[in-house]
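To start, the structure itself, in structure tokens.
The values are calculated or read from the model by the stated rules, or taken from the named source; none is laboratory data. Because the structure is a prediction, the values reported are computed rather than measured. Every residue, glycine as well, gets a Cβ built from its backbone with ideal geometry; the counts of neighbours run over all protein chains shown. Each accessible area value is taken on the protein alone, full model and side chains, heavy atoms only, with ligands, DNA and RNA left out. Shrake-Rupley method; radii C 1.70, N 1.55, O 1.52, S 1.80 Å.
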Amino acid sequence: MEKRWTIKASADNELIETLAEALNLDKNLCNLLVQRGIDDFSSAKQFFRPSLDELHDPFLMKDMDIAVNRLAAAMRNGEKIMIYGDYDVDGTTSVALVYSFLRRYYQNLEFYIPDRYKEGYGVSALGIETAADYGCRLIISLDCGIKAVNKVKYAKKFGIDFIVCDHHTPGEELPEAYACLDPKRADDLYPYKDLSGCGVGFKFMQAFCLHHGFPLEPLYKYLDLVAVSIASDIVPVTGENRIMASFGLQQLNKEPRTGLQSIIRIANMEGKEMVMSDIVFKIGPRINAAGRIESGREAVELLISGEESLAKSMSNNINDHNEIRKDLDRQTTLEALEILDKDPSQKDRKSTVLFKPDWHKGVIGIVASRLTDSYYRPTVILTESQGLATGSARSVDGFDLYSAVESCSDLLLSFGGHTYAAGLTLEVDKVPLFARRFEEWVSNHILPEQLIPRIEIDAEIKLKDINAKVLRILKQFAPFGPGNHKPLFVTRRVMDYGTSKLVGRDQDHLKVELIEECSGSIIRGIGFSMKEHAAMVKSGEPFDIVYSIEENVFNGKSSIQILLKDLRFPY
């Protein structure tokens, strides 16, 4: 599929030169920094040397003082407290953090993860009834609850208070909870709006420590869980998130908690330096698999476990769930692609809505993402659960999916999400009407260019500009993620040096050695799944490349290589 290349505007040249002089850095690197809002020595120091001292005062968050006082009263009065969270990575890491940290100071705790299939997303009536059966007087909901208006009212019938800790966009009405911690509240002036659910839980525990005069160092040991949530929930890696992710990765690499260490081991990552993408592709899917295939409670039990033998057994179970998940994912994706291929009416659509009653609920979000990648248009995948159609939606770059789903709210029993991902539930007989209405809204609002995959390029450079110092500084731009993507570069008019070839078991990958026409500089690189470009590369004609700059370590020796993202043959 052809991609759009867009190159970011170069930053102000005067700012670049001033920063280059202050930092003694290459102007190309300073351009990247200024593009990220880093335009003086002080901001550069904060970027390259993040500090936990720069975390915001948690009491700047609306209702934080109320939440801490209610928690303190519950502990003082010996009340049983339920820690309640969603079944995905963000929810289970949130519960693991708050439950295990509070347990250092208070033992009368329970935790609860709703069943994806029996209860669905968020706060459930069964969860509240279970809390009542346990004798709980307080529920702390994590990564959910901000739209649970009716459920919070239901809890009051049992004499149960709620402290909601969420990061999703609230509805028009906030729940009548004792406290609602959510930086996305319209009336919340908290300086950073993009915390993960686990991040909100961390801020709550930070406030708890400050309130009681407890040291913060023990809490910082839980930042590995926050880093896992930030990477897995695809929230921006900027501001507080970047600070917490930086220190969380350090914790993950040096002294991860027992449960995470067992996942690292079973993912064959032991002894390797973990980065955010490793969490996204290796750690997160395994934690998620518990809630997709069996129960998210398993993930929490693993994450709070301190016994190596028990953690090993549980991580093996979760890994088995992940293998089942991958099989279901592959099978469902193939079925969905076949439906699209055989339906001529799909060809000119601007959206995809597919419903099949027997698709596994645990993988439909993944399948929605895969179909979005394949057809590059807003996608909704639905299955049947407890007599209702329930599903996941995914978007394309720059298109507000939440608004598209919200436009059909009169057809939906429930929905929630954000710009690029959403979940929804409706009656089965309304699916065809929903598909028509969704397609109509998308067609009227999506721009033609939004239906073409876009590669956003940070800067145009020459191969001769790449050296060991540039690589060393670029590595310090990490951790990478939304809002701080790994820099991508474009270089014009390169040619095969004569040694490029296909590699890999199925000869799918393109290993290149390229020479720059204008300077004669040579660099090696790899393009994964780029075998279709091999003939043109070896033709000897010049072409343009988009790539990131990477470190290649082989037999203990380090070298510079490029990772190709796209090629063009315009000459």
Problem - Odd one out for Arg70, checked against (1) of a type outside the set (A, V, I, L, M); (2) surrounded by 24 or more Cβ atoms within 10 Å (Cβ to Cβ); (3) farther than 23 Å from Leu303 by Cα - result: (2)
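Restricting to segment 96-134, name every residue that is open to solvent by 20 Å² or more (accessible area, probe 1.4 Å) and either of a type in the set (Asp, Glu) or at pLDDT below 95 (or both). I'd like the intermediate steps shown before the answer.
Residues of segment 96-134 open to solvent by 20 Å² or more (accessible area, probe 1.4 Å): 99, 103-108, 110, 112, 115-119, 121, 125-126, 129-130, 132-134.
If the condition is that a residue be open to solvent by 20 Å² or more (accessible area, probe 1.4 Å) and either of a type in the set (Asp, Glu) or at pLDDT below 95 (or both), then Glu110, Asp115, Arg116, Tyr117, Lys118, Glu119, Tyr121, Glu129, Asp133 are the ones that fit.
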Problem - Sole exception among (1) open to solvent by less than 40 Å² (accessible area, probe 1.4 Å); (2) in contact (Cβ under 8 Å) with a residue 12 or more places away in the chain for Cys209, by number - result: (2)
Problem - Answer residue from segment 319-338, given it is basic (Lys, Arg) and surrounded by fewer than 21 Cβ atoms within 10 Å (Cβ to Cβ) and is farthest from Arg265 (Cα to Cα) among those - result: Arg330
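For Ser309, state whether it is loosely packed, with under 14 Cβ neighbours inside 10 Å and either modelled with pLDDT of 95 or more or of a type in the set (Gly, Ala, Ser) (or both).
So Ser309 passes the test.
Would you please name the residue that is farthest from Ala67 (Cα to Cα), looking only at residues in segment 189-237 that are among the polar types (S, T, N, Q) and modelled with pLDDT of 95 or more?
Pass one, segment 189-237, residues among the polar types (S, T, N, Q): 196, 206, 229, 232.
Narrowing further to those that are modelled with pLDDT of 95 or more: 196, 206, 229.
On the way: Ser196: 18, Gln206: 12, Ser229: 22 Å.
Among residues in segment 189-237 that are among the polar types (S, T, N, Q) and modelled with pLDDT of 95 or more, the one farthest from Ala67 (Cα to Cα) is Ser229.
Just a yes or no: is a residue in segment 488-508 under 24 Å from the mean Cα position of the chain (by Cα) and either free of Cβ contacts under 8 Å to residues at least 60 places away in the same chain or on the phi < 0 side of the Ramachandran plot (or both)?
Kept after step one, since they are under 24 Å from the mean Cα position of the chain (by Cα), are these residues of segment 488-508: 488-489.
Now narrow it down to the ones that are either free of Cβ contacts under 8 Å to residues at least 60 places away in the same chain or on the phi < 0 side of the Ramachandran plot (or both): 488-489.
Among the residues of segment 488-508, at least one is under 24 Å from the mean Cα position of the chain (by Cα) and either free of Cβ contacts under 8 Å to residues at least 60 places away in the same chain or on the phi < 0 side of the Ramachandran plot (or both), which makes the answer yes.
Please work out if Glu427 is under 22 Å from Lys118 (Cβ atoms) and modelled with pLDDT of 95 or more. Show your work before the answer.
On the way: under 22 Å from Lys118 (Cβ atoms): yes; modelled with pLDDT of 95 or more: yes.
So Glu427 passes the test.
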Exercise for the section: Name the single residue, out of those in segment 256-288 being over 18 Å from Asn319 (Cβ atoms) and touching a residue at least 24 places away in the same chain (Cβ under 8 Å), that is surrounded by the most Cβ atoms within 10 Å (Cβ to Cβ). Expected result: Met276
Completion exercise
Filtering segment 442-458 down to residues that are surrounded by fewer than 15 Cβ atoms within 10 Å (Cβ to Cβ) and either assigned to a helix (DSSP H, G or I) or acidic (Asp, Glu) (or both) yields Ser443, Asn444, Pro448, Glu449, Glu456
Handout entry: Test: residue in segment 459-477 that is assigned to a strand (DSSP E or B), open to solvent by 50 Å² or more (accessible area, probe 1.4 Å), of a type outside the set (Ser, Thr, Tyr) and touching a strand residue (DSSP E or B) at 6+ places or on another chain (Cβ under 8 Å)
Key = yes
Practice task
Kindly list the number of the only condition in (1) over 15 Å from Tyr420 (Cα atoms); (2) touching a residue at least 24 places away in the same chain (Cβ under 8 Å) that fails for Ala368.
Solution key: (1)
Completion exercise
Of the conditions (1) closer than 24 Å to Tyr87 by Cβ; (2) under 26 Å from the mean Cα position of the chain (by Cα), the single one that Lys151 does not satisfy is (2)
